[in-house]
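Heads up, the thing below is written out as structure tokens.
Read-outs throughout are calculated quantities, based only on the coordinates presented, and are distinct from any laboratory measurement. Predicted model only: the values in this text are computed from it and were never measured. Here Cβ is always computed from backbone atoms with ideal geometry, including for glycine, and neighbour counts include all displayed protein chains.
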Amino acid sequence: MKILSKNDNELLLLAMKEDAAAKGDYMLIEDRSRSMIVQVYDEEYLSSQALIEDIIKEEVVNATSVEKLHDPLNIGSLSRLIRDARIFRAKIRASVNDGKLSSDITWLPSRVESRIRRLTMKELDSFLGRHGIYPIPLGMTGDGEEFEIYAEDLDGKLTIITGKKESGKSHLSKLLIKTLVQHGAFVVIFDLNSEYSGLGWNRDGSPSSIHRQIRMLEPGKTLKFSLNYCGKGAISGMLKNALDMPAASLREFFRIWDWLENKQSLSIDTIGQTVSTWNTNELVRDALISRYHVIQSSRLFADDGFRFEDVIAGGSGAAMVIEMGGLSPTVRRMVVELVLSKLADLLERQAIPPIFLFAEEAHLYIRDTYWEDIITRMRHFGIYTTFITNQPDAIGDGIYRQVDNIFLFNFTNDADLDKISKVSLADNDTIRSIVRTLPQRHCLAIGKAVCDLPVVIRIAMTEGLMLGETKKFFKK
Amino acid sequence: MSTQLNSPFHESLSLGDLGIVESVSGCLTPKLDELNGKKIVFNCDDKNMIPVDGWGLRSDPYSATTVTTIRPIKENALVAAIDSSSVKIAETDDGSLYGIKCGIATAYAGRALMHFKIGPVLFYLSESIMEHSELEERLARLVLLDDDFAKRLVRVRAERAVQKELASHFTNSIILVDGSLKTSVFEDRQRSIRKIAENCVLRKNMMIGISKGTKLKVIERAAAPLAKVPGPAFIEVDMIIKSLIRNTVGSNSMVKLENHSPVLRADIVGNRIESLGMLIGNDPVAGGYPETLRLAHHISTFTSTEMTCLRSHVLNSYDVTELAGDDIRRSLLGSISV
């Protein structure tokens with residue numbers, strides 16, 4: 001392999017047929033005491049008008065009659081080598097001076113004397129000093145090396161997993177959840193497609209290694225809260241954000257709440273009775289009654305409800321899967337509001353340790369304006385969010401600006417690629433070229449987890465039971 | 001200003017004062033008035049152009065009279081067309097390196113059969129090599145002095161070698177050659193065109209040399225009646241050609257292989273009617289030119305990739321040191337392209 005030319009921060013490398021490199025591979029260009037780290041992001045044929053004309057001419061001639069060759073100098077094989085020659089487009093990522101990684105990429109390696117070789121992940125990690133205590137094995141790199149990130153890279157960070165449908169997003173999120181739980185972390189999952197219940201089971205039907213640490217919470221059944229546990233703050237948030245209650249009605253509701261609390265008879269039933277007899281404006285009463293009926297029909301409240309502290313006090317690591325598949329959009333929003341408010345309250349009081357939140361297709365149950373609040377405010381309390389979505393444009397630019405890690409699966413749609421490449425942490429060319437051709441269960445990891453050097457990973461198969469697949473009429 | 005520069009010429013000096021204008025116009029009589037009433041075809045990039053519908057009939061002292069139509073003979077025979085090309089690859093301080101490629105395309109019963117690519121093969125011609133060759137001394141010097149002669153030497157020799165083998169191995173076949181059948185000073189005595197023609201006759205082969213263009217304007221005019229004949233036809237032009245060129249082989253004709261196609265010169269060893277009839281009966285003709293000959297041309301030309309590969313082969317296989325080259329014409333004349 002040889003350097004052909006340089007344009008901005010891009011090098012063109014000339015490769016012959018036997019020089020193998022895949023999109024995403026890192027190459028080390030060694031030039032005396034200095035080295036340059038580049039990443040291949042695209043591959044194309046060495047092409048010229050003359051070469052194309054030769055190929056066409058040969059094909060036309062061979063289509064008309066059978067060819068017999070006498071080529072004593074074996075020039076034909078050289079010609080075939082040239083036709084198979086390729087150009088690797090590579091982005092300059094860093095340089096190595098005296099064994100130390102440097103961002104000084106202002107120098108130019110020699111075209112004649114430089115030696116180009118593939119950089120293994122181990123070598124790259126040693127240059128980057130990428131290490132941690134709690135590894136999360138994700139799978140393999142392009143050349144079959146095992147690849148892992150560290151749980152510390154997700155701790156206190158905002159992560160986005162995105163890619164088109166059936167590209168392997170849920171696969172990765174399950175892998176992350178399982179390993180986080182194994183490392184003793186507490187994870188709350190908003191499960192929209194009832195697929196995370198499989199975390200507790202292996203494919204053969206046996207219980208998984210985290211079987212006992214999985215807590216399935218079905219709103220209205222196994223997930224109910226007491227009004228006292230939720231507190232005025234969480235209920236206020238729910239009424240305001242999920243049920244769009246106007247401020248005047250909200251004030252009246254809290255007068256009722258305080259009155260009942262003073263009487264020590266706060267419950268859903270007593271709220272209902274009080275609202276109907278409360279001396280207030282008829283419009284306000286109607287607003288209160290309509291919200292009351294929604295709350296009552298959601299069955300989210302009971303005298304003795306779920307307590308996050310109880311699960312967390314249980315020991316080392318747990319995944320609380322909140323199943324939201326069968327809920328109406330309003331109830332979904334109520335659940336999310338209650339859960340997030342309560343978690344923020346508990347974290348503020350340091351009643352629980354920080355938790356990891358996995359939100360699948362969050363745009364379906366959280367309003368746009370509320371997202372940024374989750375990212376900025378909740379992060380300080382200790383809720384570290386991972387968004388999983390197949391609609392990158394559903395996530396606002398404000399969130400992308402704060403993102404620490406992105407796991408990008410395949411996208412072929414230009415509009416999606418445009419969006420991702422504009423807001424991503426990596427350059428446009430790399431995103432567009434690599435992501436477009438990623439096979440299923442392969443992703444491009446970008447961000448702090450990979451020390452800002454994009455890496456292509458083949459996500460490992462999980463032993464867990466895969467649920468949430470699309471139900472089909474025609475069975476194969 | 002002029003006094004400062006001390007110019008030897010006065011500013012009003014003109015070409016007329018120097019007598020150059022009279023001298024140039026008197027060096028040859030232009031006679032441009034003779035152009036009046038003439039039909040004209042403009043040349044392009046130094047290439048000879050022919051009028052699409054011929055020059056038309058006019059009285060010509062050489063005008064041949066008999067036009068013979070050609071009927072395809074549906075008797076299966078092998079047609080083998082040969083073409084070659086040579087290029088100069090490199091130069092050393094005492095010689096030059098040439099490359100040659102030959103192509104043989106075959107057809108049978110009106111269908112393309114197979115083709116053979118021979119080469120590229122390299123030949124190095126230097127003073128010491130030419131000293132030990134069987135070439136006549138004056139010819140050897142000429143070859144060393146002029147690249148075009150050297151290229152012609154390797155091409156004629158290689159082409160004749162192929163023609164000789166085909167003529168000696170095939171029977172009842174047609175051997176098609178690009179260009180006229182004419183003896184060359186560069187031929188090897190054992191593989192001369194005359195010997196090849198003899199072999200053809202002995203083995204009942206026919207040999208046809210087809211020229212795409214001719215510098216003999218007179219035979220173009222003589223072939224004018226062919227334009228009026230529909231379908232394949234020929235006119236005998238032996239008298240004209242033999243009177244102008246001495247060393248041709250076989251009979252000479254001007255042929256048209258298809259309706260509304262160009263008229264080509266064909267030198268034939270064998271019976272004219274039979275050879276041409278067998279040719280159009282066994283070789284697909286497109287645009288008035290045999291397909292085998294067209295294919296042989298395409299497979300024998302050097303491509304730019306092959307040239308790159310040959311350079312690479314020379315650098316890798318022989319202990320040579322590459323020197324930087326410079327295009328002297330470009331350096332001296334500049335690179336203004338219009």
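Over all pairs of different C-alpha atoms, the range A:227-298 has a mean inverse distance whose reciprocal, the Kirkwood radius, equals 12.1 Å. Among B:P51, B:P72, B:P262, which one shows the biggest mean-square fluctuation in a GNM of chain B, springs joining Cα atoms closer than 10 Å? Between B:P51, B:P72, B:P262, it is B:P51 that shows the largest mean-square fluctuation. In percent, rounded to a whole number, the relative contact order of the range A:381-457 is 31, using alpha-carbon pairs under 8 Å and six or more apart. Built from the Cα atoms of the range B:98-191, the convex hull projects on average onto 7.0 nm², one quarter of its surface area.
Going by how many other Cβ atoms sit within 10 Å of their own, how do B:H298, A:H171 line up, fewest first? Mind showing how you got there, number by number?
Working: B:H298 17, A:H171 22.
With the fewest neighbours first, B:H298, A:H171 line up as B:H298, A:H171.
The convex hull around the C-alpha trace of the range B:234-304, projected and averaged over every direction, spans 6.2 square nanometres.
Assuming 0.36 nm per residue, please report the length gained on full extension of the stretch A:S209 to A:D393 beyond their Cα-Cα distance.
Computed gain between A:S209 and A:D393 is 62.6 nm.
For the residue pairs A:K2/A:K23; B:K117/B:K215; B:K215/B:K242, the alpha carbons lie more than 19 Å apart in B:K117/B:K215. For chain B, modelled as a GNM whose springs connect Cα atoms under 10 angstrom apart, the maximal fluctuation among B:F42, B:F149, B:F186 occurs at B:F42.
Evaluating kT/(6 pi eta Rh) at 20 °C and 1.002 mPa s, with the Kirkwood radius of chain B over Cα pairs in the Stokes-Einstein relation, gives 91 µm² s⁻¹.
In square nanometres and to one decimal, what's the mean projected area of the convex hull around the Cα atoms of the range A:2-128? Before the final figure, lay out each step's value.
Working: hull surface 39.4 nm².
For the range A:2-128, averaging the hull's shadow over all directions gives 9.8 nm².
With Cα atoms as the point set, the radius of gyration and Dmax of the range A:317-476 evaluate to 17.3, 53 Å.
Taking only the Cα atoms of the range A:236-375, the radius of gyration and Dmax are 16.5, 52 Å.
Over chain A, what is the relative contact order in whole percent, taking alpha-carbon pairs under 8 Å and six or more residues apart? Walk me through the intermediate numbers first.
Values: 834 pairs, mean separation 99.4, N = 476.
After rounding, I find 21 percent.
Modelled this way, with points 7 Å down the Cα-to-C-beta line, the labels at B:A286 and A:S267 are 9.5 nm from one another.
Using the number of other C-beta atoms within 10 angstrom as an exposure proxy, rank A:T386, A:T270 with the fewest first.
On the way: A:T386 25, A:T270 15.
Ascending Cβ contact count within 10 Å gives the list A:T270, A:T386.
Take each residue in A:72-82, count the other chain C-beta atoms within 10 Å of its C-beta, and the mean is 6.
Applying 1/(1 + (r/R0)^6) with R0 = 51 Å to the Cβ-Cβ distance of A:R401 and B:K212, what FRET efficiency is obtained, to the nearest 0.05? With a Förster radius of 51 Å, E is 0.15.
Projected label points at B:A109 and A:E44, each 7 Å from Cα along the beta carbon direction, are separated by 4.8 nanometres.
Using a Gaussian network model of chain B in which every pair of alpha carbons under 10 angstrom is joined by a spring, one finds that among B:S312, B:S180, B:S23 the greatest mean-square fluctuation is at B:S23.
Step by step: find N for the range A:66-201, compute 2.2 N^0.38 Å, then divide the Cα radius of gyration by it. What's the final number?
Working: Rg = 23.5 Å, N = 136, 2.2 N^0.38 = 14.2 Å.
So the Cα radius of gyration is 1.65 times the expected 2.2 N^0.38 Å.
Available extension along the chain between B:S23 and B:I50 is 6.3 nm, counting 0.36 nm per residue and deducting the alpha carbon span.
Relative to the compact-globule scaling 2.2 N^0.38 Å, provide the ratio for the alpha-carbon radius of gyration of the protein assembly as shown. Don't skip to the end; give the middle numbers.
On the way: Rg = 44.0 Å, N = 814, 2.2 N^0.38 = 28.1 Å.
Dividing the Cα Rg of the protein assembly as shown by 2.2 N^0.38 Å gives 1.57.
I need the calculated FRET efficiency for the pair A:K422 and B:K39, taking r as the beta carbon distance and R₀ as 60 Å, to the nearest 0.05. Computed FRET efficiency for A:K422 and B:K39: 0.35.
Where in chain A is the longest stretch that carries no GluC sites (Glu not before Pro) classed as loop by DSSP and with at most 10 other Cβ atoms within 10 Å?
A:114-468
Could you work out [θ]222 nm for chain A from helices alone, using -39500 (n - 2.57) per DSSP H run of at least four and dividing by all its residues? Round to the nearest 500 deg cm²/dmol. List each step's numbers first, then the result.
Working: 13 runs with 150 residues, N = 476.
Computed ellipticity for chain A at 222 nm equals -9500 deg cm²/dmol.
With helices as the sole contributors, chain B gives -9500 deg cm²/dmol at 222 nm; each DSSP H run of n ≥ 4 counts as -39500 (n - 2.57), and the sum is divided by every residue.
Give the Debye-formula value of log10 I(q)/I(0) at each listed q (0.13, 0.16 Å⁻¹), with one equal scatterer per alpha carbon of the range B:184-338, two decimals each. Reported log10 I(q)/I(0), two decimals: -0.80, -0.97.
For chain A, the Kirkwood estimate of the hydrodynamic radius, built from every pair of different alpha carbons, is 25.8 Å.
Would you mind ranking B:T171, A:T274, A:T280 by Cβ crowding within 10 Å, fewest neighbours first?
Values: B:T171 13, A:T274 20, A:T280 16.
Neighbour counts put them in this order, fewest first: B:T171, A:T280, A:T274.
Counting, for every residue in B:105-112, the Cβ atoms of other protein chains within 10 Å of its Cβ and taking the mean gives 2.
On the beta carbon distance between A:H380 and B:S12, with R0 = 60 Å, the FRET formula returns roughly 0.05. Extension gain for A:N413 to A:N7 (0.36 nm times residue separation, less C-alpha to C-alpha distance): 143.4 nm. Computed over the alpha carbons of the range A:385-474, Rg followed by Dmax gives 14.1, 45 Å.
At 15 angstrom or more along the helix axis (alpha-carbon based) and mean Kyte-Doolittle of 0.5 or higher, what helices does chain A contain? Whole DSSP H runs only. Length and hydropathy pass: A:329-348.
Mean partner shielding of peptide B:301-310, defined as the number of other chain Cβ atoms within 10 Å of each residue Cβ, is 6.
Starting from the 7 Å offset along Cα-to-Cβ, what nm value, one decimal, do you get for the label separation of B:E131 and A:E30? Using points 7 Å along Cα→Cβ, the separation is 5.1 nm. Among the GluC sites (Glu not before Pro) in the range B:85-145, those placed in a DSSP loop whose Cβ has at most 12 other Cβ atoms within 10 Å are B:E134, B:E136.
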